[in-house]
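Student: After the structure tokens below, expect a handful of questions from me.
None of the figures in this text is laboratory data; all of them are computed from the coordinates on show. It should be emphasised that the depicted structure is a prediction, and the values quoted were computed from it without experimental measurement. Note: ideal-geometry Cβ built from the backbone for every residue, glycine included; neighbour counts use all protein chains shown.
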Amino acid sequence: MNRPKKSEPNAATAAVTRDEVDQMSGPVVLEFGASWCGYCSTTRPTVAELRANHPEIHYIWIEDGPGLPLGRSFRVKLWPTFVFLRDGKLVHRAVRPDEEQLVESFAKLALNPEK
């Protein structure tokens, strides 16, 4: 059953593979969610502001769903799930984060290339 779509986040929806993600360089944030997800829509204004404040971070919205391989490879169970990577390596995960957690997570990824 197809659910009605709400407005998409302000980012290209990407169909990337785990291999492609593992090869990405620099700071990357993957946001797994669904366009109809209420929790996801509440984080969108914060994420939009953080993306504007941290243009050095490559952000990718992943329209997730049951059984999709990329979400499964990161063990996504709830939306939104944010996966913070540096040079293809997992740095941090945030599941249904509040605004403070998002701000802190983006800032850490942007400022600390060692961790």
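Student: Measure off 7 Å from each Cα along the Cα-to-Cβ vector at Ser73 and Glu56, then give the distance between these two points in nanometres to one decimal.
Tutor: 2.7
Student: Moving to a separate point now. What is the calculated FRET efficiency for Leu111 to Trp36, with r their C-beta to C-beta distance and R₀ = 35 Å, to the nearest 0.05?
Tutor: 0.55
Student: Shape call for segment 18-111 from the C-alpha gyration tensor, a ≥ b ≥ c root eigenvalues: rounded (a/c under 1.5), prolate (a/b greater than b/c) or oblate? Let's see the in-between values first.
Tutor: Details: a/c = 1.78, a/b = 1.05, b/c = 1.69.
Because a/c hits 1.5 or more and a/b fails to exceed b/c, segment 18-111 counts as oblate.
Student: Next question, about the same structure. What distance in nm separates the two pseudo spin-label positions at Val103 and Gln23, each 7 Å out from Cα along the beta-carbon direction?
Tutor: For Val103 paired with Gln23, the spin-label model returns 3.8 nm.
Student: For a label point 7 angstrom out from the Cα of Val16 toward its Cβ, which stretches of segment 42-79 have the backbone nitrogen within less than 11 Å?
Tutor: Taking a point 7 Å out along Cα→Cβ of Val16, the residues of segment 42-79 whose backbone N falls under 11 Å are 58-62.
Student: Nearest 20 debye, what's the magnitude of the dipole of segment 18-111 about its Cα centre given +1 on Lys and Arg Cβ and -1 on Asp and Glu Cβ?
Tutor: The calculated dipole for segment 18-111 is roughly 280 debye.
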